[in-house]
1. Of all residues in the stretch 228-245, which are open to solvent by less than 40 Å² (accessible area, probe 1.4 Å) and not β-branched (Val, Ile, Thr)?
2. How about the stretch 178-203: which of its residues are of a type in the set (S, T, N, Q) and closer than 19 Å to Val254 by Cα?
3. Taking the stretch 1-24 on its own, how many of its residues are surrounded by fewer than 19 Cβ atoms within 10 Å (Cβ to Cβ) and in a helix (DSSP H, G or I)?
4. Quick one: which residue in Phe184, Phe156 is among the aromatic types (Phe, Trp, Tyr) and at pLDDT below 90?
5. Based on this model, can you work out whether Ser255 counts as open to solvent by less than 20 Å² (accessible area, probe 1.4 Å), among the hydroxyl-bearing types (Ser, Thr, Tyr) and free of Cβ contacts under 8 Å to residues at least 60 places away in the same chain?
6. Going through the stretch 144-155 one residue at a time, which ones are in contact (Cβ under 8 Å) with a residue 40 or more places away in the chain and farther than 13 Å from Val183 by Cα?
7. Show the residue pairs that are 6+ apart or on different chains and have beta-carbon atoms under 6 Å apart, the first residue being within the stretch 185-206 and farther than 19 Å from Pro239 by Cα, the second being open to solvent by less than 10 Å² (accessible area, probe 1.4 Å) and not in a strand (DSSP E or B).
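The values are calculated or read from the model by the stated rules, or taken from the named source; none is laboratory data. None of these values were measured; they are calculated from a predicted model. Cβ sites come from the backbone with ideal geometry, for glycine too, and all protein chains shown count toward neighbours. Only protein heavy atoms, including side chains, enter the accessible area calculation; ligands, DNA and RNA are left aside. Shrake-Rupley method; radii C 1.70, N 1.55, O 1.52, S 1.80 Å.
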Amino acid sequence: MDLRQLSALAAVADAGSFSAAARHLHTVQSNVSTHVARLERELGATLVDRSTGALTDEGEVVLDIIHRLQATQAGDLAVRWNCKAGKCGSCSAEINGRPRLMCMTRLDSLDLAAPVTVEPMRAFPLIKDLATDAIQRISTDAAGEEGNRDSSRPVFSPDGSKVAFGSSASNLVPGDTNDQGEVFVKDLRSGAIERISTAADGTQGNSGRYGPAFSPDGGKVAFTSVASNLVPGDTNSQPDVFVRDRVTGTTERVSVSSAGVEGVYNSGSPAISDDGLERHYLPYMFKGKVPLWLRQMTREVIAQAEAGGVNPRDYGVLPKPLSMDMYNRGLRYFLWIPGIFGTLLTGAATVAELSPWYQSCYFPPCY
């Protein structure tokens with residue numbers, strides 16, 4: 001038994017005939033019938049009814065039965081699959097209490113005299129069913145009333161139970177009177193909604209916001225805001241990155257140096273690392289273009305923080321001062337380039353002189 005045989009059988013089951021299965025697999029019908037016949041010989045069973053092209057009871061797999069139930073008896077049954085050839089693993093389930101692939105578990109391998117149970121994998125807890133094809137509007141208030149202005153930039157929490165988004169609507173939460181864009185978090189289970197882009201005491205921001213990002217546990221939300229009244233001492237008149245702790249209700253500006261000095265340029269693209277402490281931000285400079293040294297330093301700071309080499313709070317991206325080691329390394333690179341180039345030229349000239357065809361001429365005109 002190999003994957004080609006299983007793929008051929010699955011194609012016949014989906015298409016309903018050998019010819020249609022061949023077109024689906026971009027091959028000829030004889031290849032499909034040969035693979036199915038070999039599989040039947042190996043298993044000692046007739047898997048396809050040649051008169052109808054349908055699978056026999058021996059040839060059906062659990063996934064076929066699930067699809068049949070979904071189509072005829074349980075329209076709200078959510079099931080997803082991909083290759084149906086035992087490669088992707090997307091149809092994994094616990095069949096009679098054992099982890100198996102539904103596309104690879106044939107009915108004749110099960111005891112059909114007793115009920116057959118098919119359940120989600122216990123290793124993947126069921127948090128929320130997102131495979132129901134249902135559409136839900138998130139940008140509403142707790143009672144379901146739609147927002148009176150535009151909403152955008154939704155972001156799911158890691159566990160899929162909440163959505164953070166930006167909105168200019170003023171009727172999503174009570175007391176929204178600043179006529180500015182805000183960041184909100186909607187709980188998909190309870191329908192509750194809360195405003196994130198405020199000061200710790202609930203003061204509304206005096207300017208707009210954008211770009212929310214969740215912490216791994218969903219307890220914190222990072223966002224960018226131009227507001228100058230979310231924290232004390234915000235006087236740079238630039239977009240800053242803030243982190244709102246949804247548990248304690250505190251708002252912290254993180255786009256500052258380790259000494260608390262605010263940035264002189266705008267910051268954005270917030271993200272919270274897996275440890276929930278380290279915040280990465282990207283200052284945009286020179287009319288929106290990020291210098292190469294800044295990209296490199298951002299990578300270095302992130303790598304050092306992940307390796308535990310720096311304090312997560314000391315993440316400010318600053319150009320590294322030139323050290324003697326950096327100077328020596330740059331000097332070596334500078335000397336290597338002309339040295340390698342000269343070596344290649346010398347080697348090419350030597351090979352040409354030693355070659356017996358060097359003095360020959362095969363392509364006119366020869367002078």
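1. Those that are open to solvent by less than 40 Å² (accessible area, probe 1.4 Å) and not β-branched (Val, Ile, Thr): Leu230, Asp234, Asn236, Pro239, Asp240, Phe242, Arg244, Asp245.
2. Selection gives Ser197, Thr198, Thr203.
3. Start the filter on the stretch 1-24 by keeping residues that are surrounded by fewer than 19 Cβ atoms within 10 Å (Cβ to Cβ), which leaves 1-4, 14-17, 19-20, 23-24.
Remaining after also requiring in a helix (DSSP H, G or I): 3-4, 14-15, 19-20, 23-24.
Result for the stretch 1-24: 8.
4. Phe156
5. yes
6. Across the stretch 144-155, the qualifying residue is only Gly144.
7. Once the first residue is farther than 19 Å from Pro239 by Cα and sits in the stretch 185-206, its partners that are open to solvent by less than 10 Å² (accessible area, probe 1.4 Å) and not in a strand (DSSP E or B) give Val185/Ile196; Leu188/Ser161; Arg189/Ser161; Ile193/Leu172.
Conditions (1) touching a strand residue (DSSP E or B) at 6+ places or on another chain (Cβ under 8 Å); (2) closer than 25 Å to Glu145 by Cβ; (3) of a type in the set (Asp, Glu); (4) open to solvent by less than 30 Å² (accessible area, probe 1.4 Å), marked per residue:
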| site | (1), (2), (3), (4) |
| --- | --- |
| Val173 | yes, yes, no, yes |
| Thr198 | yes, yes, no, yes |
| Thr203 | no, yes, no, no |
| Pro216 | yes, no, no, no |
| Lys220 | yes, no, no, no |
| Val226 | yes, no, no, no |
| Gly260 | no, no, no, no |
| Ser267 | yes, no, no, yes |
| Pro270 | yes, no, no, yes |
